[in-house]
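Structure first, commentary second.
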Amino acid sequence: MPPEKPQWKELYSEVVTGGLCTGCSACIIVCPHDVLKYEDSDGIYKPYHLDVDGGKADCTHGQRGCTLCTRACPRFRDWESEIDLFMHNRNRTDDEVSGIYRQVVLARTTDQTVKEVGQDGGVVTSILLYAMDNDIINGALVSALEGDGSTWKAVPTVVTTKEEILKGAGSRYTYSANPLAYLEASNRGIDRLALVGMGCQASVPAALSAKKAGKTSKRFVLSIGLLCSKSFNDAIFSELFEAKYDIKRETIKKMNIKGVFQIWCNDGSYHEIPLKEAHQWTREGCKSCPDFAAEHADISAGGIGKFLDWTLLVIRTQKGEDIINDMVEKGLIEVKPSDEDPAAVELMDKLAKVSRKRWPESAASSVRRHIPVR
Ligand SMILES: Cc1cc2nc3c(=O)[nH]c(=O)nc-3n(C[C@H](O)[C@H](O)[C@H](O)COP(=O)(O)OP(=O)(O)OC[C@H]3O[C@@H](n4cnc5c(N)ncnc54)[C@H](O)[C@@H]3O)c2cc1C
Ligand code: SF4
Ligand code: SF4
């Protein structure tokens with residue numbers, strides 16, 4: 001029997017319509033035949049195949065041997081184990097529910113401008129600025145708000161300047177498929193990229209490299225992950241915030257999630273909305289996601305812990321560690337050991353366990369071997 005060559009047909013049946021697709025967009029950015037597109041309206045955040053060359057559920061290029069979309073996908077079959085092995089030369093142990101890492105620290109920026117716009121400690125923004133200044137990258141794929149920001153529509157964006165990086169700072173809790181901005185970066189010849197995104201996206205660079213998905217893999221040099229248990233559909237603005245709390249999206253200045261949805265408005269008012277009220281606007285693509293801690297990033301960042309305005313950093317690779325050490329040495333960030341807030345690491349592991357249990361039993365993958373029994 002010739003070796004199996006899984007292509008869009010398998011990706012469509014096992015991942016896209018099989019309930020595993022996060023909408024990360026990796027399959028689209030690697031497709032050399034331009035037959036995959038992205039649907040992001042009405043709460044749908046998914047790839048689809050144009051009605052040509054095999055149609056919705058198959059692909060004639062795949063029939064002829066193209067397998068790039070399945071090789072890019074960080075949810076196809078044994079993705080987790082394949083990427084762990086590629087990144088760390090070993091599989092994780094059952095205790096490593098938050099993925100394999102070298103160290104966890106708490107950090108915050110020392111730059112006053114970044115402090116003002118950053119979500120927690122402003123560290124992700126500081127890393128991007130450092131990586132640009134030191135010529136590690138020549139661009140980054142982040143999320144920014146469309147237009148003047150009044151619609152709160154989060155859009156994948158290429159940033160190459162300090163002003164653009166600062167504009168993308170802060171968190172939006174609706175989905176922005178940041179890898180999709182690769183297509184623009186590629187057209188502009190930007191070829192040393194950092195990717196910022198939740199776990200579903202932060203796994204993309206390592207998935208591309210682990211499964212040798214062509215030239216695209218070589219253009220990602222840094223992956224910065226965001227801890228994440230869910231994102232929401234855009235409809236939450238009109239159907240919950242406005243309909244029940246009379247908070248119009250154009251009046252919102254900042255949002256955060258710390259046990260509750262926190263919303264600050266331009267008129268100085270502050271609102272708290274219980275998270276359970278927001279559950280019904282959970283994005284479909286998050287419901288099977290097992291990755292809370294952005295397990296395949298070089299550095300993962302989150303806002304849990306008792307120190308407000310600090311970022312919890314999970315440093316996973318040598319590259320990530322070198323960057324953080326050099327930033328500390330240059331006084332760009334300050335850090336303290338995670339021992340100063342052990343409950344934060346415990347909470348990360350607890351939330352990681354909750355997420356892992358979402359991975360469906362029907363999904364044939366090594367992921368289930370690491371689902372904790374308690
Ligand atoms: C949808 C979502 C859910 C999250 N859930 C949790 C959680 O449950 N627990 C937790 O500890 N932390 C969570 N975080 C991470 C947290 O909100 C901060 O992003 C993190 O602590 C880094 O803070 P910072 O100040 O260092 O980042 P900043 O310096 O402010 O940089 C944030 C970066 O995130 C990017 N970004 C913002 N919104 C999005 C988006 N919607 N999609 C993709 N990229 C985006 C920005 O472009 C920017 O580059 C979540 C983030 C997001 C976007
Ligand atoms: S998870 Fe990402 S790569 Fe996989 S099918 Fe969905 S959008 Fe494509
Ligand atoms: S829970 Fe977060 S990491 Fe998982 S698919 Fe949703 S947005 Fe991505």
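Where a number appears in this text, it was derived from the coordinates with a stated rule and is not lab data. What you are looking at is a predicted structure, and each value in this text was computed from that prediction instead of being measured. A quick note on method: Cβ atoms are made from the backbone with ideal geometry, for glycine too, and the neighbour counts reach across all protein chains shown.
Under a point-charge model restricted to the Cβ atoms of Lys and Arg (+1) and Asp and Glu (-1), what is the dipole moment magnitude of the chain relative to its Cα centre, in debye to the nearest 20?
My answer is approximately 800 debye.
What are the ³J(HN,Hα) values, in whole Hz, obtained from phi via the Karplus relation 6.51 cos²θ - 1.76 cosθ + 1.60 with θ = phi - 60°, for each residue of the range 45-55 in sequence order, with x given for Gly and Pro?
Listing the rounded values in order: 10, 8, x, 9, 9, 4, 7, 9, 6, x, x Hz.
List every residue whose amide H lies under 5 Å from the amide H of Phe261, counting only residues 5 or more places away in sequence or on a different chain, with H placed 1.01 Å from N in the peptide plane.
When sequence neighbours closer than 5 places are left aside, the close amide H contacts are Ile273, Leu275.
Return the loop-located trypsin sites (Lys or Arg not before Pro) in the range 277-344 (DSSP other than H, G, I, E, B) with at most 14 other Cβ atoms within 10 Å of their own Cβ; answer none if there are none.
Lys287, Lys306, Lys330
What residue among Leu145, Leu347, Leu226 has the largest mean-square fluctuation in a Gaussian network model of the chain, using Cα springs under 10 Å?
Answer for the Gaussian network model of the chain: Leu347.
Just to be sure I understand the model, the point goes 7 Å from the Cα along the line to the Cβ. What's the resulting Ser209 to Asn325 distance in nm?
Between Ser209 and Asn325, the simple spin-label model gives 1.8 nm.
At 0.36 nm per residue, and after removing the present C-alpha to C-alpha distance, how many nm does the segment from Asp267 to Lys253 gain when stretched out fully?
Length gained, Asp267 through Lys253: 4.1 nm.
Taking H as built 1.01 Å from N, whose amide H comes closer than 5 Å to the amide H of Lys230, not counting residues under 5 places away?
none
Around Lys254, which amide H atoms from residues at least 5 apart in sequence, or from another chain, sit under 5 Å from its own amide H, with H modelled in the peptide plane?
Correct list: Trp264.
Which one of Ile224, Ile323, Ile304 has the biggest mean-square fluctuation once the chain is modelled by GNM with Cα springs under 10 Å?
Looking only at Ile224, Ile323, Ile304, the largest GNM fluctuation is found for Ile323.
Of the listed pairs Lys162/Lys353; Lys46/Lys211; Lys9/Lys350; Lys37/Lys319, which have alpha-carbon separations greater than 30 Å here?
Exceeds cut-off: Lys162/Lys353; Lys9/Lys350; Lys37/Lys319.
Based on the Cβ-Cβ distance of Glu146 and Arg64, what FRET efficiency does E = 1/(1 + (r/R0)^6) give at R0 = 45 Å, to the nearest 0.05?
Rounded to the nearest 0.05, the efficiency is 0.75.
If you take every DSSP beta bridge whose two residues both sit in the chain, what share of them, in percent to the nearest 5, is antiparallel?
75
Using the beta-carbon distance between Lys9 and Phe86 and R0 = 25 Å, what value does 1/(1 + (r/R0)^6) give for FRET efficiency, to the nearest 0.05?
0.50
Can you compute 3J(HN,Hα) from phi for each residue in the range 103-120, using the Karplus curve 6.51 cos²θ - 1.76 cosθ + 1.60 with θ = phi - 60°, rounded to whole Hz and x for Gly and Pro?
Going residue by residue, I get 7, 10, 9, 9, 8, 8, 5, 9, 8, 4, 5, 5, 3, 5, 9, x, 6, 10 Hz, with x marking Gly and Pro.
Go through the range 13-22 residue by residue and turn each phi into a ³J(HN,Hα) via Karplus (6.51, -1.76, 1.60, θ = phi - 60°); whole Hz please, and just put x for glycine and proline.
6, 8, 10, 5, 9, x, x, 9, 6, 8
From the cross-link list Lys276/Lys357; Lys167/Lys218; Lys230/Lys254, which pairs have alpha carbons spaced over 25 Å apart?
Lys167/Lys218
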